[in-house]
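This report concerns only the one structure given below.
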């Protein structure tokens, strides 16, 4: 696809980010931006994060690196050398965006802070992603993903009521910060169209996580109640048969209000058992929304109902679910307007008829591996300027010659000298 046909094809980005901002650069690169990943000589430390292709630990085979650096180009450059800083300043002259994740003040100490770079290129947008922002009492503190989740408050809501808070799977705080940084960058680029000037985008990982707590803060503001961990149910107390249940080949998640339709389905399949004969009184209660709402306001009555009345119904329900596959339950539930969904595994996602119809998964060639790998695709679809993965993640310094020689005009001899001097 021609760069002119992409959303950000005319934007040049310098990517100095570590794991807090790698996804930000990917989001821009896959929208067509010319993203140059600047690594230390020897490669970015994130390349050493597994898992690795075919379980071979190698900085050139990190699947983590592959995922978050698609469509980027890579050069090596040592900013802690005088020559390296001068080369960086030349790169800044032609840049639209700079993404960095250094501690506040680090780039200032190198003479490469926002004020200094603005003198070189006042049009450039600079995004700084840090654990706590550029100012404030915590600004100089370090922070990993788990610290971002904890200090942002989202861990407090994750887990079961009787257990300690839990970390969310994956590097969620890093990704939240990256998404907010990308949004801030796009907003600043839009503002530049009006003002003609760039600006500094200050992204705090703590703030990025704090706004992702659903309605926790609003609940306290309006009701003076602190949201609690609710486990798998999502509500306290749980509605009968609401949550995750095992089935023949995995799990399904559902919320049942129309019990009569569910019982008709169970009866049609010969799985109703003696529910209608022996437990009509319980069925009447389950189908009476006023009863359900009333006892949810009375924990003692609700617990008694779940312990004494509901078990026979739930046992029959579990047996019914275990007789069917996820796909059978999903299709049957959808046809009956029952709120039921599959709990998808990775294999389920790869086989999903909906995701495949949308073309979600993208095959990306890795000539150096002699393989083609399947990647998650676009998080959205643009009709006129499509999202795409242009190329696999770059090797260490793969584009040194392209950028230093072809674009910046360095001689081959100069490049060799810079390499020998540990500058690139």
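Given the structure, is residue 361 surrounded by 14 or more Cβ atoms within 10 Å (Cβ to Cβ) and not assigned by TED's automatic domain parsing to the domain that holds residue 261?
yes
Of these, 170, 105, which one is more than 17 Å from residue 21 (Cα to Cα), free of Cβ contacts under 8 Å to residues at least 40 places away in the same chain and exposed (fewer than 14 other Cβ atoms within 10 Å of the Cβ)?
Unique residue meeting the criteria: 105.
Would you be able to tell me the number of residues in segment 375-406 that are more than 31 Å from the chain's Cα centre (by Cα), without any contact (Cβ under 8 Å) to a residue 12 or more places away in the chain and either assigned to a loop (DSSP other than H, G, I, E, B) or surrounded by 14 or more Cβ atoms within 10 Å (Cβ to Cβ) (or both)?
Counting residues in segment 375-406 that are more than 31 Å from the chain's Cα centre (by Cα), without any contact (Cβ under 8 Å) to a residue 12 or more places away in the chain and either assigned to a loop (DSSP other than H, G, I, E, B) or surrounded by 14 or more Cβ atoms within 10 Å (Cβ to Cβ) (or both) gives 1.
Mind telling me which of the residues 144, 130, 219, 187 ends up being surrounded by 13 or more Cβ atoms within 10 Å (Cβ to Cβ) and outside the structural domain of residue 17 (by TED's automatic domain parsing)?
Testing whether each residue is surrounded by 13 or more Cβ atoms within 10 Å (Cβ to Cβ) and outside the structural domain of residue 17 (by TED's automatic domain parsing) leaves just 219.
Considering every residue within segment 241-260, establish whether at least one is surrounded by fewer than 18 Cβ atoms within 10 Å (Cβ to Cβ), assigned to a helix (DSSP H, G or I), modelled with pLDDT of 90 or more and not assigned by TED's automatic domain parsing to the domain that holds residue 156.
Checking segment 241-260: not a single residue is surrounded by fewer than 18 Cβ atoms within 10 Å (Cβ to Cβ), assigned to a helix (DSSP H, G or I), modelled with pLDDT of 90 or more and not assigned by TED's automatic domain parsing to the domain that holds residue 156.
For segment 147-177, which positions are farther than 11 Å from residue 209 by Cα and part of a helix (DSSP H, G or I)?
If the condition is that a residue be farther than 11 Å from residue 209 by Cα and part of a helix (DSSP H, G or I), then 156, 157 are the ones that fit.
Is it fair to say residue 373 is in contact with a strand residue (DSSP E or B) (Cβ under 6 Å, 6 or more places away or on another chain), more than 30 Å from residue 88 (Cβ to Cβ) and modelled with pLDDT of 95 or more?
yes
Output the residues belonging to segment 12-33 that are farther than 19 Å from residue 174 by Cβ and surrounded by fewer than 22 Cβ atoms within 10 Å (Cβ to Cβ).
Passing the criteria: only 12.
In this structure, does residue 382 turn out to be under 22 Å from residue 54 (Cα atoms) and out of contact with any strand residue (DSSP E or B) (no Cβ under 9 Å at 6 or more places or on another chain)?
no
If you go through segment 59-80 one residue at a time, do you hit one that is touching a strand residue (DSSP E or B) at 6+ places or on another chain (Cβ under 8 Å), at positive phi and in contact (Cβ under 8 Å) with a residue 60 or more places away in the chain?
yes
Mind listing whichever residues of segment 175-205 are touching a residue at least 12 places away in the same chain (Cβ under 8 Å) and out of contact with any strand residue (DSSP E or B) (no Cβ under 9 Å at 6 or more places or on another chain)?
Matches in segment 175-205: 175, 176, 179, 196, 197.
Kindly evaluate residue 317 against the criterion of being in contact (Cβ under 8 Å) with a residue 40 or more places away in the chain, in a helix (DSSP H, G or I) and under 20 Å from residue 336 (Cα atoms).
Yes: the conditions hold for residue 317.
If you go through segment 198-216, how many residues are outside any helix (DSSP H, G or I) and modelled with pLDDT of 95 or more?
Total meeting the criteria: 7.
Read through the list (1) surrounded by 14 or more Cβ atoms within 10 Å (Cβ to Cβ); (2) within 28 Å of residue 67 (Cα to Cα), then give the number of the only condition that residue 372 fails.
Here residue 372 clears every test but (1).
Is it true that residue 52 is in contact with a helix residue (DSSP H, G or I) (Cβ under 7 Å, 6 or more places away or on another chain) and without any contact (Cβ under 8 Å) to a residue 12 or more places away in the chain?
yes
The values are calculated or read from the model by the stated rules, or taken from the named source; none is laboratory data. As the structure is a prediction and not an experimental result, all values here were calculated from the model. Reconstructed Cβ throughout: ideal geometry from the backbone, glycine too, with neighbour counts over all protein chains shown.
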